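A short write-up of the structure that comes next.
The values are calculated or read from the model by the stated rules, or taken from the named source; none is laboratory data. The structure displayed is predicted, hence computed values, not measured ones. Because the Cβ atoms are built from the backbone with ideal geometry, glycine has one as well, and the counts that use them run over all protein chains shown.
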Amino acid sequence: MEGLEEMGKLLIMFGGFIVALGGLLLLAGKLPYVGHLPGDIIIRRENFGCYIPLATSILLSILLTIILNLIFRFRGR
């Protein structure tokens, strides 16, 4: 039954991560320039709009990579 305990811990950590990510997304709308960086593609037509946050996605990916690497390094994995 040790495997179930580890799975439970993993699910709790994953749930905490999702809650933290949701909180960051709520706050991100109030930060200037997030979602409006140079490199984000915005297409507006009469009855159509398309937004592709390319630069924002790359920036978030780099930041999350750094944060997760620091967390795993300090946990000893």
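If you go through segment 38-77 and pick out every residue that is in contact with a helix residue (DSSP H, G or I) (Cβ under 8 Å, 6 or more places away or on another chain) and either under 30 Å from residue 13 (Cβ atoms) or exposed (fewer than 10 other Cβ atoms within 10 Å of the Cβ) (or both), you end up with 1. Evaluated against (1) part of a loop (DSSP other than H, G, I, E, B); (2) at pLDDT 90 or above; (3) of a type in the set (Gly, Ala, Ser), residue 15 falls short on exactly one condition, (1).
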